[in-house]
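Participant: Quick one: the structure is below, questions incoming.
We did not get these values from a lab; they are worked out from the coordinates using the rules stated. Quantities reported herein were computed from a predicted structural model and do not represent experimental measurements.
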Amino acid sequence: MKKLLVALLTAAFAATAFAQAQKAQPATPATPAAPKGQSGVETEKATPATPATPSAKSSKEQKQKKVAKTKAKAKAKAKADEKKAN
């Protein structure tokens, strides 16, 4: 019985390994490659990106929201701890 089980496992492993193997194809380029630097396409230099600068008002609002959220979490935790203590 053990031999049958081992044979089935090895057969399954071999089948999956064979199914995943890549099939080799001969490498034949369709057209010969152009000499280096003569592709016929012009390239443009990249322009540097400008970093985003948040406005002072939005950052101040974000800080206020964060502080309020932190305070709310602290209150909720304090209530939960109080319920556990009682």
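Participant: Between Glu61 and Ala11, 0.36 nm times their residue separation minus their Cα-Cα distance comes to what?
Facilitator: Working: separation 50, 0.36 × 50 = 18.00 nm, distance 6.46 nm.
Separation in residues times 0.36 nm, less the Cα-Cα distance, equals 11.5 nm.
Participant: Among the lysines, which have Cα under 28 Å from the Cα of Lys45 when same-chain residues fewer than 8 positions away are ignored?
Facilitator: Reachable lysines: Lys36.
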